[in-house]
Amino acid sequence: MGKAALNKKYEEVLRKRKLLTEEQIERALIEGTRRGEYLHQVVVDMHLLDATTALQAASEEWGIGYVELIDEELDPDVVKLFPEAMARRLISIPIGRDDGTLSVAMADPFDLFALREMEIRTHSKLKIQPYLALPSEIKRKLEEIYGRESEEVVYDFLLQDELDEIREIEEYLEEEEEQGAEIDLMGSAIEEAQRSYVIRLVWKIILQAIKEGASDIHIEPFPRESAVRFRVDGSLQYKRPIPRPLH
């Protein structure tokens, strides 16, 4: 669905349920935009709602399950059904497996691209059952399993599975009946990506922007890192920043 769309959907929940005042909602929206964060995380961080209320309200309105991970003991073998880099990037974590169904806690349980990628990673042998969760709790659980995130994980563009992902994007574009010249460009991107780390980084950003339907890409350098933002549906969405060594 995308962060901006999910935040809009969650904003409607807050208003419909009258969980916050208009002034509180506006403050949360401003803070969410500033941080590039999911709104259900922001209202908890700002102590406007507790985690249970924030998640349960959306769960009931959307007809989807939710999970609070803070006290959950997860099976590392189940968690590792997803590659670490993918789990961190999608802000998702497998929490249980039963009778051909894989339950997954997600920051955005309506992200169809993410759900499709999960199916591909599990070779379509498992039905993905998404649950809404706080992004901070997902990230904390991933750190418990894998340790702190390293640059090698954040920028794993040299790994073979990243090339596989580029090919998946190419297939997606073909399915969407993109023009032949654009598809040729994707093939060129894969070839160039194999030659240079920096080129692969640039192409990765471009391809991800195409996948998310972004109209433009903003890269803004700062002393410690470069901010990356995509404009989707008129709203700028923050992506993972580029660390200083890769400026």
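The values are calculated or read from the model by the stated rules, or taken from the named source; none is laboratory data. None of these values were measured; they are calculated from a predicted model. All Cβ positions, glycine included, derive from the backbone under ideal geometry; neighbour counts span all protein chains shown.
Taking residues in region 30-52 that are closer than 17 Å to ARG17 by Cβ and assigned by TED's automatic domain parsing to the domain that holds LYS9, and partners anywhere that are of a type in the set (Val, Ile, Thr) and outside any loop (DSSP other than H, G, I, E, B), the pairs with Cβ atoms closer than 6 Å and at least 6 places apart or on different chains are LEU49/VAL43; ALA51/VAL44. Is there a residue in region 34-53 that is assigned to a loop (DSSP other than H, G, I, E, B), within 19 Å of the chain's Cα centre (by Cα) and more than 16 Å from SER136 (Cα to Cα)? Checking region 34-53: not a single residue is assigned to a loop (DSSP other than H, G, I, E, B), within 19 Å of the chain's Cα centre (by Cα) and more than 16 Å from SER136 (Cα to Cα). Within region 106-129, being crowded, with 21+ Cβ neighbours inside 10 Å and not in a helix (DSSP H, G or I) holds for MET106, ALA107, ASP108, PRO109, ASP111, ILE128. In this structure, LEU102 qualifies as within 26 Å of GLY2 (Cβ to Cβ) and over 14 Å from the mean Cα position of the chain (by Cα). With respect to the conditions (1) in the same structural domain as LYS125 (by TED's automatic domain parsing); (2) within 19 Å of the chain's Cα centre (by Cα), ALA58 falls short on a single one, namely (1). For region 59-94, a residue qualifies if it is within 22 Å of VAL44 (Cα to Cα), free of Cβ contacts under 8 Å to residues at least 40 places away in the same chain and crowded, with 17+ Cβ neighbours inside 10 Å, and exactly one does: LEU90. Only one of (1) at pLDDT 70 or above; (2) within 24 Å of ALA209 (Cα to Cα); (3) of a type in the set (S, T, N, Q) fails for SER150. Which number is that? Result: SER150 fails condition (1) only. Taken residue by residue, region 13-25 has no member that is farther than 25 Å from LYS211 by Cα and at pLDDT below 90.
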